[in-house]
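A.B. asks: Handing you this structure, nothing more for now.
The values are calculated or read from the model by the stated rules, or taken from the named source; none is laboratory data. None of these values were measured; they are calculated from a predicted model. FYI the Cβ positions are ideal-geometry reconstructions off the backbone, even for glycines, and counts take in every protein chain you see. These accessible areas exclude ligands, DNA and RNA; they are computed on the full protein's heavy atoms, side chains included. Shrake-Rupley method; radii C 1.70, N 1.55, O 1.52, S 1.80 Å.
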Amino acid sequence: MATNALTNLFNQTEDPSLATPRMNRFTFFFLIIVILGLGCGVASFIFGHEKMYNYTRDVPWGLLISTYAFWAITSTGLCIYAAISHIFGGTKMAVVSNRMVWMSIICILGAFATIGVEIASPHRMLIYNILSPNPASNIWWMGTLYGLAVGCMIVEFFGIVTGLARIAVILGTIGAIAEVLANSCLGGVFATLPARPYWYGGQLPIYFLTAAFLSGAAAIVLINHLAYKIRGHKMPQSVKDAIKSAGKAMTLVLILYSVATFWRLIMYFVGGSELGRIAADALISGPLAINFWLLEVCIGLIIPLVLILRSRLKNTGMLATAGLLILIGQFVARYNLIAGGLLVPGTLGWDNAPTYFDYVPSFFEFAVVIGSLSLVCFGFLLGERVFGKTFTQKEHH
Amino acid sequence: MDIKALEKEKNEGIDTLPSEERRKFLKMGLTVTGVFLGGTVLSLTSAQKALCVNTVSVIPAAGQYPYNKHYGMIMRQNNCIDCEKCLDACRATNHVPTGHDAWRTTIQERLTTVEGIEKREFRPILCNHCNRPPCVRVCPTKATYKDPETGIVVMDYKKCIGCKTCMAACPYNARYFNHDRYAIDKCNFCLDTRLAEGEKETACAAACPANVRVFGDIKDPSTEIYRLLHEPDNKIWVIRPECGALPNVFYMNA
Ligand code: SF4
Ligand code: SF4
């Protein structure tokens, strides 16, 4: 009975046009990379995190935390736009909101997979987050709220698939609120550490939220473009309008985010803490300079802006390229922010401490990152194949 | 001297206050409990309690220490000769693993020039058992906490999920990942290894031949640390006071 109902359900939601050998090959390919990449992370529990990752006493966090932050922030962005269009309707993005909910879930799973193999004892977390919670800890709130958000979104998605619109809207709203609060706690994790002047301060949580709006919009543009690319269909006008609408949001937030980035850095050079200034210098002319100028600023901010202007928000291919570049820039920006705060020794001047600590991510850290990226790609293809009709149902009205 | 009225005064900052005045101020009555430092009066009591008095400049009154014992350490920094006997004693007593940058206390050094002569300066560091410990605040599972009896910041290893937030939060690089325990570890003033056995000193303080490290209950007027902290002529400082962690490890020159 149940299997029958399930088969019926999938018959209604799946998109048979994607059941091609080529699609299967791609999906399978990503699955293999997920297993290999995240497998490296899982292996760290057997061989010891210290042997697989290049973390040290001086630099306790690195590429994996920044990757986690990137996926979590992107998920928040997608979820917010989806919720806005579900609750208020009327936005052109509403036609693609089901796809956004799915991808928001997938992105947060990418985040969980990354942090799951980053922390040393996740099994203790499952127990003591509940038995011994610390309400003063941002990490505790962040984990709990992201957990709540993903739970809500899964039920919301179930509501969408089964046509229970009320459940979907209510849980979508709760999920989006939880995502925003979790995102703000994620910013708070860094913003509330006076030991790291590069992070410390009230601006960071807002900066993270702005980044969520930017990454979310960029992801909407890119994902919807790809959804039609893989089908080889002509994109309906309604989806083009949705992309245009997301493109507008993306442009606006791109400018806001650039302004915030500019002032954030300038601040350190007009006074304040020496450690903050040295960290900012790491981005401007130090070990993170190429990351910052080439990847974060040129590829992540300037070129996308030029592309958006040239596309006049009409050429979706160009917009999607801008979206992709923004996401690459955002990924590197998360890394620069986290590395910037950690590379500067707190007791500078003693012990002949170097101006900057050395940290280069290990092969296995990169492997986990590739694994998490493949997980998101796999989730995307799977979603389009299994829930394709749910995603496109509103597009043709 | 009306201390209450004084508290309401605006902080003039260190630049404007000559050290002559600083001394006078200390002699005026701070023998009670405070340590004057960099233009701010540093609390020796818990931040929680101290905040009740005044959030800007905290002058703890006697009797406001929240812990039965309130352990701290003062370093007579210029006495340190970098013999590292303290480090060996700590490693042996507390089974600190070798490798992976594991240490509970270490000696930092730097070159300074005093009156034209280059001089090597040594500074012992360890966990400051802060009164407002960032590590304790950030820990999601209360795996690290302030022992209510002694004010010592301790670990409950089984609860540590290894998120390493406390390592990022500690201004003093006092925490390390203990691969044997698969949890964060740190100095606990030899709470389990010596104080519990009735010893009065930590292993490092006991091993120091130059009497650099003076350990004791900063609440008890009969202790040497109390005397050193409240001697008006002693210039006392702490590391990175701007982080607001309110450390309980103090420094002076003998
Ligand atoms: S020195 Fe570091 S580890 Fe020790 S109590 Fe303060 S913040 Fe925690
Ligand atoms: S690493 Fe362990 S002790 Fe440190 S904050 Fe995380 S759970 Fe707490």
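A.B. asks: Test of understanding: among A:G147, A:G110, which residue is away from chain B (no Cβ under 14 Å) and in a helix (DSSP H, G or I)?
C.D. replies: Among A:G147, A:G110, only A:G110 is away from chain B (no Cβ under 14 Å) and in a helix (DSSP H, G or I).
A.B. asks: What single numbered condition from (1) assigned to a loop (DSSP other than H, G, I, E, B); (2) within 14 Å of chain B (Cβ to nearest Cβ) fails to hold for A:V189?
C.D. replies: Here A:V189 meets the rest and fails (1).
A.B. asks: Does A:V117 count as among the β-branched types (V, I, T), in a helix (DSSP H, G or I) and modelled with pLDDT of 95 or more? First the steps, then the outcome.
C.D. replies: Working: among the β-branched types (V, I, T): yes; in a helix (DSSP H, G or I): yes; modelled with pLDDT of 95 or more: yes.
Criteria met by A:V117.
A.B. asks: Within region B:209-244, how many residues turn out to be out of contact with any Phe, Trp or Tyr (no Cβ under 8 Å at 6 or more places or on another chain), buried (at least 22 other Cβ atoms within 10 Å of the Cβ) and not β-branched (V, I, T)?
C.D. replies: Going through region B:209-244 one residue at a time, the tally reaches 2.
A.B. asks: Whether any residue in region A:240-252 is among the small types (G, A, S) and within 30 Å of A:T192 (Cα to Cα) is what I want to check. Please lay out each step first, then the result.
C.D. replies: We begin by selecting, within region A:240-252, every residue among the small types (G, A, S); these are A:242, A:245-247, A:249.
Filter again for within 30 Å of A:T192 (Cα to Cα), leaving A:249.
Yes; the residues of region A:240-252 include at least one that is among the small types (G, A, S) and within 30 Å of A:T192 (Cα to Cα).
A.B. asks: Give all pairs with beta carbons closer than 6 Å in which a residue from region B:240-252 that is under 17 Å from A:R196 (Cα atoms) meets a residue that is charged (D, E, K, R) and modelled with pLDDT of 90 or more; count only pairs at least 6 apart in sequence or on separate chains.
C.D. replies: B:A245/B:R132; B:L246/B:R132
A.B. asks: Is it the case that some residue within region A:67-83 is open to solvent by 30 Å² or more (accessible area, probe 1.4 Å), assigned to a helix (DSSP H, G or I) and either away from chain B (no Cβ under 14 Å) or touching a residue at least 12 places away in the same chain (Cβ under 8 Å) (or both)?
C.D. replies: Taking every residue of region A:67-83 in turn, none turns out to be open to solvent by 30 Å² or more (accessible area, probe 1.4 Å), assigned to a helix (DSSP H, G or I) and either away from chain B (no Cβ under 14 Å) or touching a residue at least 12 places away in the same chain (Cβ under 8 Å) (or both).
A.B. asks: OK, next. Of all residues in region B:182-211, which are away from ligand 2 (no atom under 16 Å from the Cβ) and among the charged types (D, E, K, R)?
C.D. replies: Of everything in region B:182-211, those that are away from ligand 2 (no atom under 16 Å from the Cβ) and among the charged types (D, E, K, R) turn out to be B:D192, B:R194, B:E197, B:E199, B:K200, B:E201.
A.B. asks: Residue under question is B:R137, and the condition is that it be at pLDDT below 95, more than 8 Å from ligand 1 (Cβ to nearest atom) and of a type outside the set (A, V, I, L, M, F, W, C); does it hold?
C.D. replies: Judged against the criteria, B:R137 is not a match.
A.B. asks: Another question, then. Quick check on region B:173-186: of everything there that is open to solvent by 10 Å² or more (accessible area, probe 1.4 Å) and of a type outside the set (S, T, N, Q), which residue is farthest from A:N138 (Cα to Cα)? Steps first, answer last, please.
C.D. replies: Of all residues in region B:173-186, those open to solvent by 10 Å² or more (accessible area, probe 1.4 Å) come to B:173, B:177, B:179-182.
Narrowing the set further to residues that are of a type outside the set (S, T, N, Q) leaves B:177, B:179-182.
Numbers: B:F177: 21, B:H179: 25, B:D180: 27, B:R181: 25, B:Y182: 22 Å.
Result: B:D180.
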